[in-house]
1. Report, by residue number, each residue of region 14-41 that is more than 21 Å from residue 188 (Cβ to Cβ) and without any contact (Cβ under 8 Å) to a residue 60 or more places away in the chain.
2. How many residues does region 234-252 hold that are in a strand (DSSP E or B) and at pLDDT below 85?
3. Only residues that are more than 14 Å from the chain's Cα centre (by Cα) and at pLDDT 85 or above: list them for region 152-182, please.
4. Is there a residue being within 28 Å of residue 105 (Cα to Cα), in the same structural domain as residue 30 (by TED's automatic domain parsing) and either outside any loop (DSSP other than H, G, I, E, B) or out of contact with any strand residue (DSSP E or B) (no Cβ under 7 Å at 6 or more places or on another chain) (or both) anywhere in region 191-207?
5. Just the residues that are at pLDDT below 90 and in a helix (DSSP H, G or I), please, taken from region 111-144.
6. Can you name the residue in region 261-275 that is modelled with pLDDT of 70 or more and out of contact with any strand residue (DSSP E or B) (no Cβ under 8 Å at 6 or more places or on another chain) and, of all such residues, is surrounded by the most Cβ atoms within 10 Å (Cβ to Cβ)?
7. Within the group 195, 170, which residue is within 23 Å of residue 136 (Cβ to Cβ), surrounded by 15 or more Cβ atoms within 10 Å (Cβ to Cβ) and in contact (Cβ under 8 Å) with a residue 24 or more places away in the chain?
8. The conditions are (1) modelled with pLDDT of 90 or more; (2) assigned to a strand (DSSP E or B); (3) surrounded by 20 or more Cβ atoms within 10 Å (Cβ to Cβ), and residue 148 fails exactly one of them. Which is it?
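The values are calculated or read from the model by the stated rules, or taken from the named source; none is laboratory data. Here the structure is a predicted model, which is why all the values come from computation and not from measurement. Here the Cβ positions follow ideal geometry from the backbone for every residue, glycine too, while neighbour counts run over all protein chains shown.
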């Protein structure tokens with residue numbers, strides 16, 4: 001018996017018009033994990049999340065959340081889940097406190113003012129508890145959506161594009177809150193277009209494209225396997241072409257002739273940097289600066305989607 005919080009087995013979704021939104025998805029997500037689901041628009045991210053939450057009726061396969069089958073034991077499974085959708089849907093004239101408290105009641109949980117207060121304070125909403133939602137900024141409304149999703153103390157939190165339209169400062173603050181939730185054992189699944197968020201926050205990354213889960217990997221392992229490094233030399237004098245003796249390194253020369261670029265895999269023992277620099281000196285090429293850059297998760301993601 002799996003101890004995973006979420007188990008997805010061979011799940012598919014085909015719409016009446018024949019469009020296959022999900023194709024044979026298999027995935028397990030552990031308790032306390034932050035899992036980032038990445039993919040281009042229309043890839044199937046929202047369909048997959050909606051299937052796990054019981055909003056979309058998937059065509060084949062099986063999904064369980066906290067040990068409950070999402071179809072057979074819908075109420076128990078759904079009570080384990082907090083969902084923050086992309087759309088900001090709130091009753092504009094209600095207060096923050098009422099909205100979050102009411103959401104808790106929808107799941108049949110008894111009133112718990114202490115928990116609501118703790119949630120609002122954790123999301124920096126306490127001073128807005130009596131404010132009508134229509135008076136809040138977009139970023140604050142997004143926080144209210146998270147507070148609503150946490151009102152019934154779920155073990156799983158879905159964040160579907162949670163920081164869309166949120167300024168950088170608020171985004172960082174919200175991710176601190178997500179990290180704090182993970183510390184309490186909450187499992188967090190997020191979809192995002194801000195790939196630097198996934199790079200910073202996630203334990204594992206899944207890439208979905210055209211309804212297929214084309215990759216699931218620990219973020220660090222993914223970066224290690226596919227993250228290339230670039231070494232750029234700023235030269236004293238411009239070169240017109242790369243010397244023939246350096247052709248084995250597959251170098252590229254900038255248009256100004258003053259920047260020589262060498263690509264290598266930092267995790268390979270024979271990455272060749274020392275030999276490359278030795279060869280440069282042998283050719284009498286003088287450089288005044290060295291700059292190194294490592295591939296971001298975004299570059300890796302684009303590479304993965306293009307390859308598939």
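1. Passing the criteria: 14, 15, 16, 17, 18, 19, 41.
2. Total satisfying the criteria: 1.
3. 152, 153, 154, 155, 156, 180, 181, 182
4. Yes, there is a match, as at least one residue in region 191-207 is within 28 Å of residue 105 (Cα to Cα), in the same structural domain as residue 30 (by TED's automatic domain parsing) and either outside any loop (DSSP other than H, G, I, E, B) or out of contact with any strand residue (DSSP E or B) (no Cβ under 7 Å at 6 or more places or on another chain) (or both).
5. If the condition is that a residue be at pLDDT below 90 and in a helix (DSSP H, G or I), then 122, 138, 139, 140, 141, 142, 143 are the ones that fit.
6. Looking at the filtered set, the residue picked out is 275.
7. 170
8. (2)
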